[in-house]
Amino acid sequence: MASRKGMEVSIAVSEAVKLANVDVISAYPITPQTHIVEHLSELVADGDLKAAFVPVESEHSALSAAVGAAAVGARAYTATSSQGLALMHEIMFIVSSIRLPLVMTVVNRALSAPINIWNDLSDIMAERDCGWVQLFAINGQEAVDLTLQAFKIAEDPRVLLPVAVNLDGFILSHVIEPVEMPDQETVDSFLPVFKPMVRLDPDHPVTIGAFGSPDVFLEVKKQVEEALIGSQKVVKEVWKDFETIFGRTYKPIESYKTKGAEILLVTMGSITETAMTAVDILREKGQKVGLIHIRLWRPFPFKEFFQAIRGAKALAVVDRALVPGGAGGPVGLEIKSALFDKKERPYVAEFVAGLGGRDLTVEVFAEMMEKAGRYAQTQKEMRYEMIGVREK
Amino acid sequence: MIAEDLKDFKKFTPKTLPQEEPLVFGHRACQGCGEVLALRMVAKAIGSPMTAVSATGCTEIISSPYPQTAWAVPWIHVAFENAAAVASGVEAGLKALMAKGRIPEKKITVVAFAGDGGTADIGLQALSGALERGHDFIYVCLDNEAYMNTGIQRSSSTPFGAMTTTSPAGKLTAGQTTWKKNLPAIMAAHNIPYVATASPAYYLDLMNKAKKAALIKGPAYLHVYSPCPTGWRHSTDLAIEVSRLVVETNIFPLFEVLEGKYIVRKNTKPKPVEDYLKQQRRFSHLTPELIQTIQKRVDVEYEKLLKLEAGSQPTQTKEDAKKE
């Protein structure tokens, strides 16, 4: 029987990994992911989770070991943040292109420099093009649910790609949230034992990670791209199964009070819930505002996005990472390029905010919505605006 | 305990060499490549069932030109510096799956293959970590003494004085200016059950060491001397001769370290290092003074090795062994 209680989100995520019955955990500590790997090591040490806990000597090795485990058909898991994710960068691209499923929790934290342990999305945004399925949680329950779903998505024979589940560092990872932890039996009915399509097996030898000349490289990349795009169908199927079994709904783009809204906030991650409060306040004042948040970032759900913004006159996009020297932030870039050849499209006001853990309050979201509306009226030309910069 | 692991160990003889070929022909190695020769010997000696992990390098490139492969055993290549980390995951994964009854329990030897670059330099961290964690696997360093696959650049395993494309024989400096990193000593310092050096000219010795490594539980490290005619600039038919001379001159002594105890193959009448150096054009710029420097160093290092053997004790005494 499922029970709802207050849990630190990191612990809840570890418990979800336990419920997923992983076989190998490779772990290297980095703030603010540490509580996840610590709790997992306790679960293994107590015999509550029958998995190999491999305390590797760097994040590069953490992901490499997870790849090795996945290659022999084990359900593999790792977690990291910021610099750790950056250190894994080389391997990120390799995992997806050799089509090995595994799940990684990314506890989002700003990339150095300056060294900063607090939350923004620069770490995962720097991995945008690595070919992984990328999901975003906005609260503790979602962190748990997405973790369970991630294994099922990754291991689907039509996908066979690694999945990153993102949750905000400290703001989610270290906070106690109300979480309904499902029981093992229910999870087992949702997530079966991993049946690998291809594995390193002496009885049926295969070569994984071969050398690819110009004659073959293009075709391999096309195949991987098709798998990533095609994974969207599987993601939605998995969410449908999840809803049937657990009763909670998940969509690639989630909408909040978008009916009749002229101005929409576009968010990702835990700031969404604060932003929703701002929407509530402005709505009470009679303003036609709403919010959408991006749950499935890669592959980008273009169809659902266009549907969700229908009728909006202006979008206030909140980016928590910068594309330095470029057009703003990664989400703004994605949205603007998606809208480029639409005959009718809303005005896009792009804001870069909350870098390195700078707090985003209800007032700031209200300010962004107000500005978006005002700029839309004059069709003000803007690339992006950095919010909250202290000039002195 | 090593004694327990090796109780059924029977040496290969020329008549009892394994027939299996885990590495098949058709690979793209250079003519006369000593590395692929050594690799074939090691793979045959270990035998199936095995799972191989390769670092980026000569072996990996020549053996896996998609859609062809020279590997008749399961094989994975991920990146350059992580052979030991990937092998750790393979080993942990197999152990976990067997413990959970998902695959039948049986001995599958996990072997990591890397070059000197992927071991001494960029791969050293991952290897050190894997050894410290005590994974049950064999790590084979195929040492051709430079980054050969990328065009003969120096590594920390390049011998003193050797010419490479990044340690050229120039006006101010003459080849590699540092001494070869002592990898077997570094691995022995991790207190792993088995470390050994091998040369393809002594193929029975090499294959028996690989066989031992496969039987021994825990990490085993094999340092395999691998001549590269292309990079060392010697005639393509000389790989075995060069592999023999390097041992006969004491430049590359053959030894084992079993649970901390050194066992050195004695060579009391070594040939002069000049015999070895003059065969390879990577040393052709060396002055007589430099050759003398090398000779002195080789003599000193060999004496050190003999002292290590004399002074080394196994990590367990006979009494401790009896108590078990």
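No lab work stands behind these numbers, since they all come straight from the coordinates. Fair warning: this is a prediction, and the values are worked out from it, not measured in the lab. Here the Cβ positions follow ideal geometry from the backbone for every residue, glycine too, while neighbour counts run over all protein chains shown.
Odds and ends about this structure:
- Neighbour-count order for A:VAL220, A:VAL144, B:VAL257, B:VAL298, fewest beta carbons within 10 angstrom listed first: A:VAL220, B:VAL298, B:VAL257, A:VAL144
- Three-way shape label, the range A:141-220, alpha-carbon gyration tensor, a/c 1.5: oblate
- In order through the range A:31-48: 3J(HN,Hα) via Karplus (6.51 cos²θ - 1.76 cosθ + 1.60), integer Hz, x for Gly, Pro: 5, x, 8, 3, 4, 5, 6, 5, 5, 4, 5, 5, 4, 6, 4, 8, x, 6
- Mean separation of Cα contacts under 8 Å (6+ apart) over length of the range A:238-392, as relative contact order %: 24 percent
- In this structure, the amide hydrogen of A:ARG298, modeled 1.01 Å from its nitrogen in the peptide plane, lies closer than 5 angstrom to those of A:GLN134, counting only residues at least 5 positions away or on a different chain.
- Here A:ASP241, A:ASP123, B:ASP205, B:ASP275 are placed in order of increasing Cβ neighbour count within 10 Å, fewest first, which gives B:ASP275, A:ASP241, B:ASP205, A:ASP123.
- In this Cβ point-charge picture (+1 for Lys and Arg, -1 for Asp and Glu), the protein assembly as shown has a dipole of about 1220 debye about its Cα centre.
- Once backbone amide H atoms are built at 1.01 Å from N, B:THR109 has B:MET50, B:THR51 as its partners under 5 Å, excluding neighbours fewer than 5 places away on the same chain.
- Panel note: the C-alpha atoms of the protein assembly as shown, placed on their principal axes, show extents of 98, 62, 47 Å (largest first).
- Looking at the range B:219-277, the trypsin sites (Lys or Arg not before Pro) that sit in a DSSP loop and have at most 16 other Cβ atoms within 10 Å of their own Cβ are B:ARG233, B:ARG265, B:LYS266.
- Counting charges near A:PRO301 (Lys, Arg +1; Asp, Glu -1) among other residues having Cβ under 13 Å from its Cβ returns a value of +3.
- Amide H contacts of B:TYR194: B:TYR221, B:GLU259, each under 5 Å away and 5 or more positions distant or on a separate chain (H built 1.01 Å from N in the peptide plane; Pro and chain starts excluded).
- Sites B:THR236 and A:VAL198 - FRET efficiency at Förster radius 25 Å, r taken between beta-carbons, to 0.05: 0.10
- Inter-chain shielding of A:88-96 (mean C-beta neighbours from other protein chains, 10 Å cut-off): 2
- Shielding score for A:48-60, defined as the mean number of other chain Cβ atoms within 10 Å: 5
- When +1 charges are put on Lys and Arg Cβ atoms and -1 charges on Asp and Glu Cβ atoms, the dipole computed for the range A:83-242 relative to its Cα centre reaches about 380 debye.
- Pairs from B:LYS7/B:LYS307; B:LYS217/B:LYS307; B:LYS171/B:LYS269; B:LYS180/B:LYS269; B:LYS10/B:LYS44; A:LYS285/A:LYS313 whose Cα-Cα separation, in the structure shown, is over 25 Å: B:LYS7/B:LYS307; B:LYS217/B:LYS307; B:LYS171/B:LYS269
- If you wrap the tightest convex hull around every Cα atom of the range A:75-157 and split its volume per residue, you get 88 Å³.
- Candidates A:PRO324, A:PRO192, A:PRO101: whichever shows maximal mean-square fluctuation once chain A is modelled as a Gaussian network with Cα springs under 10 Å: A:PRO324
- The ratio of the alpha-carbon radius of gyration of chain A to the globular-protein estimate 2.2 N^0.38 Å is 0.98.
- Arranged from fewest to most other beta-carbon atoms within 10 Å of their beta carbon, B:LEU172, B:LEU305 become B:LEU172, B:LEU305.
- Quotient of Cα Rg and 2.2 N^0.38 Å for the range B:79-218, N being how many residues it contains: 1.20
- To the nearest ten degrees, helix A:59-71 and the longest principal axis of the Cα atoms of chain A are 60 degrees apart.
- Using equal-weight Cα scatterers in the Debye expression, the normalised intensity of the range B:146-245 in log10 at q = 0.12 Å⁻¹ is -0.50.
- Cα shape, the range B:12-124, gyration tensor, a/c 1.5 rule: oblate
- For the range A:8-31 versus the range B:32-88, the spacing of their alpha-carbon centroids is 33 Å.
- Mean residue ellipticity (222 nm) of chain B, computed from DSSP H runs ≥ 4 via -39,500 (n - 2.57), nearest 500: -10500 deg cm²/dmol
- Relative to the longest principal axis of the Cα atoms of chain A, helix A:140-155 runs at roughly 50 degrees.
- Distance between the range B:91-144 and the range B:184-238 - C-alpha centres, whole angstrom: 16 Å
- Debye, to nearest 20: dipole size of the range A:147-204, +1 on Lys, Arg Cβ, -1 on Asp, Glu Cβ: 280 debye
- Counting all C-alpha pairs of chain B, share separated by more than 28 Å (%): 38 percent
- Under the Karplus curve 6.51 cos²θ - 1.76 cosθ + 1.60, θ = phi - 60°, whole-Hz ³J(HN,Hα) for the range B:74-87, x wherever Gly or Pro sits: x, 8, 9, 10, 10, 8, 7, 9, 10, 3, 5, 6, 5, 4
- Under 12 Å, Cβ to Cβ, from A:GLU42 - net charge with Lys/Arg +1 and Asp/Glu -1: -3
- Charge sum, other residues only, whose C-beta stays under 15 Å from A:GLU243's C-beta, Lys/Arg counted +1 and Asp/Glu -1: 0
- Taking every DSSP helix (H) stretch of at least 4 residues in chain A, weighting each as -39,500 (n - 2.57) and dividing the sum by the residue count yields a mean residue ellipticity at 222 nm of -13000 deg cm²/dmol.
- Size descriptor for the range A:285-391, Kirkwood hydrodynamic radius: 14.5 Å (Cα pairs only, one decimal).
- Top of A:GLY325, A:GLY230, A:GLY269 by mean-square fluctuation, Gaussian network on chain A, Cα under 10 Å: A:GLY325
- Acute angle (nearest 10 degrees) that the helix B:288-311 long axis makes with the longest principal axis of chain B, alpha-carbon atoms: 30 degrees
- With the gyration tensor restricted to C-alpha atoms of the range A:80-222, the semi-axes of the equivalent ellipsoid amount to 29, 23, 11 Å, longest first.
- Distance between the pseudo-spin-label points of B:GLN19 and B:THR166 (7 Å out from Cα toward the beta carbon): 4.6 nm.
- Radius ratio Rg over Rh of the range A:177-229, counting only Cα atoms, Kirkwood formula for Rh: 1.21
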